[in-house]
C-alpha cells in the first residue's frame, strides 16, 4: 500500500464507521498496523471490525482536555458498559502510551480505542510513530444535520481542527482528509464540478464538511501538513448505517414496510461502491500529491426513484411499497463531479452499480442480526427515525 519496503503505521479516525472500517480491514490485510480512534457514538460499530479486534479500550478519564473540548462540552466521561466483554477503562494518558508499546510489540494489526478526535491529549499519544493519518471521522447524514446541526459543527469542524493541530508538529508522510461531493452544492444539468469549482453547500452537513475541507487545506499551506483532500460521491455497500438511503430502503423492503421517498424521487446521485472508494484512498496515499484535491466519482448517476425500484425488483417486492413523503429542506436535485484528476493517477471504479447493489442487498438480507440490533437497541437511531420519519412524515 505504501510502496515502501516496510509496512506502515496508520491512524484512522472514524475507523469503526462504514467506509472507515472497510479501509481499516483492507489496510490490515496488507500487513500494516492500524490504530483506530472512534467515538462509537451511534454509527461507529465495533462489529464492523469483527475478526480484526479482540477488545476495545474505552476512554473513561483523560485528565488533559483540550480547551475547546471543555468550552463546547464535548469531553465527557464515558461509562463502562457492563454488558460489553471487551470494555477496558483508560485511566490516564500514560496508560494509552503503555498500551501502544504493547501493541507495536505484538502481532496484532488493529487496535481500536474509543475516543473523540476533539481530545488532543489522546491524539498526541496515538500519533507517536504514525506514518499516515486517514481522517474519516465526521457526522455524515444530511437529514440528521437538520435536526442536530450543532453536533456536525463540533465533530466535523472542531474535530478536524484539533486533529490538524495535533498532527502539525509530527513528521507524518501524508494526511488524507475525506470530504464529499456535497460541498459543491447542487450541480446544474449538463455539467460536472471539478476540483477548482466553488464550494456552495446548502445544508449543515455539507457546510460543516466544506469548512473542514478548507481548514485541512489551510494547514498544508500554513504548517506544511501533507494534506490530500478526497471529495467522494455517494457510497454504498455492506455495513452502512441504516439511516442512509440505500440501506434504509433495503431494510424496509425486507420488512415489507413503506419506503419513504422524498418529493418526486427524481433527485440524482452518483453512486460508488465502498470497495472502489477504498482503492481510491489507497491510490492517493501512494501517489497523491500533498496540497491537492481529488474528486472520486462512481460514474453511476441515477435517480433516487430508480434506485428504489431496482432494490424492490431484486428483492421481489411490489412498487406499491413506495411512499412519497415531504421533501427535506433545501434538497439538492443533482450532484456530479469531474474525476479526471484521480483517473490520471490510475483510478477506475471496478464495480458496476447493478453488481454492487445486488451484493449490498444480499449482505443486508444475510446479516439481519447486525441491523436489527441497531433498530432495536440504538437509542440515537430510534430518536432520529421517530422524529424525522414518524413525526414529520407519518411513516
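Quick notes
- If the segment from residue 395 to residue 380 were pulled out straight at 0.36 nm per residue, it would be longer than the present Cα-Cα gap by 3.6 nm.
- Between 131, 119, 41, the residue with the greatest mean-square fluctuation in the GNM of the chain (Cα pairs under 10 Å linked by springs) is 41.
- The chain, relative contact order in percent, only Cα pairs under 8 angstrom and at least six apart counted: 16
- Summary value for segment 275-356: 57 percent relative contact order, contacts being C-alpha pairs under 8 angstrom separated by 6+ residues.
- The protection proxy used here, the mean number of other Cβ atoms lying within 10 Å of each residue, ranks peptides 33-39, 182-188 as follows, highest first: 33-39, 182-188.
- Residues in segment 135-152 that a label on residue 30 would reach, taking backbone N under 15 Å of a point 7 Å out along Cα→Cβ: 135
- For the peptides 259-268, 333-342, residues were scored by their other Cβ atoms within 10 Å and the scores averaged per peptide; the highest-first order is 333-342, 259-268.
- More than 22 angstrom apart: percent of Cα pairs within segment 129-262: 46
- Residues listed by number, segment 137-162, amide nitrogen under 16 Å from residue 387 label point at 7 Å toward C-beta: 139-155
- The Cα atoms of segment 267-337 cover 49, 31, 15 Å along the three principal axes, with the biggest extent listed first.
- FRET efficiency for residue 355 and residue 303, using Cβ-Cβ distance with R0 set to 25 Å, rounded to 0.05: 0.85
- Here the spin labels are modelled as points 7 Å beyond Cα on the Cα-Cβ line, and at residue 41 and residue 105 they lie 3.6 nm apart.
- Potential extension, residue 344-residue 327 segment - 0.36 nm per residue separation minus Cα distance: 2.3 nm
- Rounded if a/c under 1.5, otherwise prolate or oblate - the chain, Cα gyration tensor axes: prolate
- Peptide packing for 376-389, 10-23 was compared via the average number of neighbouring C-beta atoms within 10 Å per residue; ordered from the highest value, the list is 10-23, 376-389.
- Sorting 243, 319 by the number of Cβ atoms found within 10 Å of their own Cβ, with the fewest placed first, yields 319, 243.
- One compactness figure for segment 280-395 is 1.38, namely its Cα radius of gyration divided by 2.2 N^0.38 Å.
- Residues residue 128 and residue 221, FRET efficiency given R0 of 35 Å [Cβ-Cβ distance, rounded to 0.05]: 0.85
- Nearest-0.05 FRET efficiency for residue 169 and residue 362, computed from C-beta distance (R0 41 Å): 0.30
Every read-out reported here was derived from the displayed coordinates using simple, explicitly stated rules and does not represent laboratory data. Here the structure is a predicted model, which is why all the values come from computation and not from measurement. Here the Cβ is made from the backbone with ideal geometry for all residues, glycine too, and neighbour counts use every protein chain on show.
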